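Inspection log for the structure reproduced underneath, given as structure tokens.
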There are 2 protein chains.
Amino acid sequence: MSSATMPADPYWSRQEGPWEAIDRADPVIWGAADNGPLTQAEVADFESNGFRYVKSLFSPEENQTFLDEASRLAQAAKPGDTGVIIEPASREVRSVFRIHQTSELFANVASDPRIVNVVRQILGSDVYIHQSRINFKPAFDGKEFFWHSDFETWHVEDGMPRMRAVSVSIGLTENNEFNGPLMVVPGSHKTFIRCPGATPENHFEQSLKKQEYGVPTREAMAMLVEQGGIVAPKGPAGSTLFFECNIMHGSAGNLSPLPRTNLFMVYNSVENAVTDPFGDRPARPTYLAERTFDPISATPFKK
Amino acid sequence: MSSATMPADPYWSRQEGPWEAIDRADPVIWGAADNGPLTQAEVADFESNGFRYVKSLFSPEENQTFLDEASRLAQAAKPGDTGVIIEPASREVRSVFRIHQTSELFANVASDPRIVNVVRQILGSDVYIHQSRINFKPAFDGKEFFWHSDFETWHVEDGMPRMRAVSVSIGLTENNEFNGPLMVVPGSHKTFIRCPGATPENHFEQSLKKQEYGVPTREAMAMLVEQGGIVAPKGPAGSTLFFECNIMHGSAGNLSPLPRTNLFMVYNSVENAVTDPFGDRPARPTYLAERTFDPISATPFKK
């Protein structure tokens, strides 16, 4: 297709050349600010900061049913199961994907109005689940996750066209100072960071020695944190973090005796369904990036 | 020597068999509680918790001279220098040891009455420097340090007979929630944890797969944290942590853009000078464990 008919991709990444920061080309709030449960001030806050943390959105009783179901899924998981990540050394389950498909309880959670109505208000349309999973970050040995924008990966590897998705993370355990809570850089969702590519200019460069594809440079992160700082929302089990698909986030290791178990769901607008990847690799499997786009809620969104 | 003439070592560790927790066999406060700058309440607090954090013990101006001197030492450090730890991949200096010997400024800091008089009050004698160093925990890539008791290492590897030493860590940079501050387990200095040995019963056991000698088991740590919790003292540059030689401590990685640089000095009682190691390996080099025992202060301690 010629460049005359195909608009240039504003969010190209992992190509040759140095890193680059560009302004986000999409709105953060796609819907009418008053069309949903959030107040206009809450909508403005999400627009500005890129995240919203609600302590105890789910009750201790509800949360206990989630934890029990998570344990059941982990115990039923077998090595080789699609969408099950097991650490070879310890044989412990680290992640179980596609839980909105495999568990009736989690399908209900995924379509819970306390979540879906907020996400639809932000995204201005019906939404479907792009990815869902439970992450088990074990006590003492939970590993850190370096800073990244999920959208960068979903765009390059999965073919998500625009920034019109919101992630929701429900803490099934308490998130505290010591068990590696998610850290976000407020405001960073407004900048797109092109990551260094697969053919780095200097193979020995520190930041690339682990072949960190889709990882921002230290310089980019220093700039973003200089602008917005770092926030690590903390709260009791059942607390829920909504975060914009392009916000920079990461988490430190867990050296505490308390595991950190999170239920994670990605809501994408049905008007933003994934296409072919924007990078040069084949699309990832559907447990990482769904390719059916049915609205998650039985109650249609009214624009 | 027969067991009739040689008292059994209460602090043996890294031998065969399971881990074990025993009560500390030594006092925490060796001196008279009123013989020094700390109030009796402060002494009692240290006795109970095993640490004392003093925000801004050194002024910003003093701290800047420390930072400048630390940079000078790091820049002068060459690979292969004794007591210099350089990361091979990045060629960055991670630690410079024996700074109380190689720097006049740090020799003065090591003998500063704001530190030495507190340490002598706790240890009830003159003190010498068992080890000194600067730790450079770099921004973004600073690695975590798992929980450990320094005394366990100093006893087994260096031959420190009893628990009669205090460490002092001066934060030359701010210590905050995100740059991997030291974490301590209050009260844990009152329990000695024997660590699993070099011949584990089960080679595949998770806790030993990295050959973690001198590292407490996860079970031991869970017990200690259950009793005392975790505290990570945070404060501006120049803030200083005094901590008992047997307190369990560790630190998470540093994912923030701010390096964490600490000046670290270990004060041992001159009445507790190191002997042959209590383990079965040769003694470590003197930059890790001094073998001259001159009191650090020109002003003798009066009992």
Inset, instruction - Quick one: which residues, 5 or more positions from B:Lys137 or on another chain, have an amide H under 5 Å from its amide H? H modelled 1.01 Å from N in the peptide plane, none for Pro or chain starts. - result: B:Arg260, B:Thr261, B:Asn262
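Under the 0.36 nm per residue contour assumption, what length would be gained going from the current alpha-carbon distance of B:Arg72 and B:Gln15 to full extension?
Result for the pair: 16.3 nm of gain on full extension.
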Inset, instruction - Enumerate the aspartates and glutamates that A:Lys303 could reach by cross-link, defined here as Cα to Cα under 16 Å, with residues fewer than 8 away along the same chain left out. - result: A:Asp34, A:Asp126, A:Glu271
Legend entry - A/B buried area, accessible surface, summed, 1.4 Å probe, Å²: 2400
Legend entry - Cα centroid separation, region A:123-160 to region A:238-287 (Å): 1
Inset, instruction - With a 1.4 Å probe and every protein chain kept in, tell me what percent of the accessible surface of chain B is carbon plus sulfur. - result: 53
Inset, instruction - Rounded to whole Å and ordered largest first, report the semi-axes of the equivalent ellipsoid of region B:1-127 derived from its Cα gyration tensor (root of 5λ). - result: 34, 27, 14
Inset, instruction - At q = 0.06, 0.08, 0.11 Å⁻¹, what is the base-10 log of I(q)/I(0) for the protein assembly as shown according to the Debye formula with one equal point scatterer per Cα and no solvent? Please give it to two decimals. - result: -0.38, -0.65, -1.10
Inset, instruction - Starting from the amide H of A:Met248, placed 1.01 Å from N in the peptide plane, find each other amide H under 5 Å away whose residue is 5 or more places distant or on another chain. - result: A:Val185, A:Ser188, A:His189
Legend entry - At 0.890 mPa s and 25 °C, Stokes diffusion of chain A via Kirkwood alpha-carbon radius, µm² per second: 124
Legend entry - region A:84-111-region A:4-46 distance, computed between alpha-carbon centres (Å): 29
Inset, instruction - Provide, in order from the shortest bin, the percent of all Cα-Cα pairs of region A:89-243 in each 5 Å bin, continuing until the bin that contains the maximum pair distance. - result: 2, 7, 14, 17, 20, 20, 12, 6, 2, 1
Legend entry - Residue-normalised accessible area of region B:122-165, given per residue in Å² at a 1.4 Å probe: 21
Legend entry - Residue of B:Ala89, B:Ala33, B:Ala232 that the Gaussian network model of chain B assigns the largest fluctuation, springs spanning Cα pairs under 10 Å: B:Ala89
Inset, instruction - Any of B:Lys78/B:Lys137; A:Lys55/A:Lys143; A:Lys78/A:Lys137; A:Lys190/B:Lys143 with alpha carbons more than 23 Å apart? Name them for me. - result: A:Lys55/A:Lys143; A:Lys190/B:Lys143
Inset, instruction - Using a 1.4 Å probe on the heavy atoms of the protein chains only, list every residue of region B:132-172 that has 10 Å² or more less accessible area in the complete assembly than in its chain alone. - result: B:Phe140, B:Asp141, B:Lys143, B:Glu144, B:Phe146, B:Trp147
Legend entry - Inter-chain Cβ neighbour average for residues A:254-262, partner chain, 10 Å: 4
Legend entry - Cα gyration tensor category, rounded, prolate or oblate, for region A:94-151 with a/c compared to 1.5: oblate
Inset, instruction - Sort shortest first the distances from B:Ile22 to its counterpart in every other copy, using label points 7 Å along the Cα-to-beta-carbon line, and give them in nm. - result: 6.7
Inset, instruction - With no solvent and one equal point scatterer placed on each C-alpha of region A:204-303, evaluate the Debye formula and give log10 I(q)/I(0) for q = 0.12, 0.18, 0.23 Å⁻¹, two decimals. - result: -0.70, -1.33, -1.35
Legend entry - Per-copy distances of the A:Val270 label point, shortest first, in nm (7 angstrom along Cα→Cβ): 8.3
Inset, instruction - Would you mind computing, in nm to one decimal, how far apart the modelled labels at A:Arg284 and B:Gln227 are, each placed 7 Å from Cα along Cα→Cβ? - result: 4.4
Inset, instruction - Between copies, how far apart are the B:Pro113 label points? List them in nm, one decimal, shortest first, with each point 7 Å from Cα toward Cβ, please? - result: 7.1
Legend entry - Max mean-square fluctuation residue, GNM over chain B, Cα-Cα springs under 10 Å, options B:Gly36, B:Gly17, B:Gly238: B:Gly17
Legend entry - Principal axes of region A:134-196: Cα extent on each, largest first, Å: 37, 21, 20
Legend entry - Gaussian network model of chain A, Cα within-10 Å springs - most flexible of A:Pro88, A:Pro181, A:Pro60: A:Pro88
Inset, instruction - State the residue of chain B whose Cβ is nearest the axis carrying B onto A, and the distance in whole angstrom. - result: B:Ala252, 2
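The values are calculated or read from the model by the stated rules, or taken from the named source; none is laboratory data. Quick caveat, the model's predicted, so the values are computed rather than measured. FYI the Cβ positions are ideal-geometry reconstructions off the backbone, even for glycines, and counts take in every protein chain you see. Side chains are part of the model used for accessible areas, which takes the heavy atoms of the whole protein and leaves out ligands, DNA and RNA. Shrake-Rupley method; radii C 1.70, N 1.55, O 1.52, S 1.80 Å.
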